[in-house]
Amino acid sequence: MLTLTTLASGSSGNCTLLSDGETHLLLDAGISCRRICTALAALKIAPESLSAVLITHEHSDHISGLATLHKRFQLPIYTSPGTARQLCYRIAALEDVVRPCPPGNSFTAGGLDIETFPISHDAAEPMGFAVSDGNRKAALVTDLGVVTEAVRRGMAGAQLVLVEANHDVEWVRSGPYPYYLKERILGRQGHLSNEDGGALALGAVQSGARTVVLGHLSRKNNTPQRAFNAVNAILSAYGPREAGLTLSVAPRDQTGPVYTV
């Protein structure tokens, strides 16, 4: 059995817990260490019992709590070699715990197997993760401007997926952001729109996913209802929604439900 719980998921901070009941993995640490510890305590998990921290890339909304978390608990940190170099520039003594893993490779942490795959984002060497207990698989894919074959392969066979639905394209185009930022968000190394996230979710459902969680929503260029409606429409357009298929939106600033597969 695998469980997934988002502690935060949005443009201002991202952190997710994956667990099989014995091995606990933290995916990104983009909120304060205090918030992470408070959320874990509510889930009855001691921070020092975490088996590892997995970091997708070095942007602040994914690592803002990592320095303090490292100082207090010295947990193993898995990330790509490019991201590892960026983290070691910023955080003292991180070299002792960082374990670089090139995208496309796999490793084991505790009792869980982790697959990695490259994603298209404007960071040093970003990657996504898929976690398996040998029977069940969960994949987490956010912060990418385009869906590649490597992403599809990494997500294939996952029963539970967290996928990005960052923005409404027209809201970005007509909104107050400066031109360069609009181009960044909408570009091939930016973020997935609701429709692109819906297409990614559809592919995951067609390959076995039964729980789809939408994450990394923009505060200014999206709403939970708008993201849900857009993705739901895409899933429904390809036939009646299958029994047992769950679609939900992760909260931006608080702990979400515990999803189990």
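The values are calculated or read from the model by the stated rules, or taken from the named source; none is laboratory data. Values in this document were obtained by computation on a predicted structure and should not be read as measured data. Glycine also receives a Cβ, built like all others from the backbone with ideal geometry; neighbour counts cover every protein chain displayed. With ligands, DNA and RNA removed, areas are computed over all heavy atoms of the protein, side chains included. Shrake-Rupley method; radii C 1.70, N 1.55, O 1.52, S 1.80 Å.
Table for the structure above
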quantity	calculated
Residue within segment 197-205 that is of a type outside the set (Phe, Trp, Tyr), at pLDDT 95 or above and either part of a loop (DSSP other than H, G, I, E, B) or farther than 21 Å from Ala250 by Cα (or both) present	no
Residue in segment 66-77 that is touching a strand residue (DSSP E or B) at 6+ places or on another chain (Cβ under 9 Å), small (Gly, Ala, Ser) and at pLDDT 95 or above present	no
Long-range neighbours under 6 Å by Cβ, at least six apart or interchain, first residue under 15 Å from Pro224 (Cβ atoms) within segment 244-261, second open to solvent by 40 Å² or more (accessible area, probe 1.4 Å) and hydrophobic (A, V, I, L, M, F, W, C)	Val249/Phe228
Complete set of residues in segment 208-261 that are polar (S, T, N, Q) and buried (at least 19 other Cβ atoms within 10 Å of the Cβ)	Thr211, Ser218, Asn221, Asn222, Thr255
Residues satisfying the stated conditions in segment 187-207, i.e. open to solvent by less than 30 Å² (accessible area, probe 1.4 Å) and of a type outside the set (A, V, I, L, M, F, W, C)	Gly187, Gly190, His191, Ser193, Asn194, Gly197, Gly198
Unique match (being among the aliphatic types (A, V, I, L, M), within 21 Å of Thr16 (Cβ to Cβ) and in contact with a Lys or Arg (Cβ under 8 Å, 6 or more places away or on another chain)) among Leu214, Leu160	Leu160
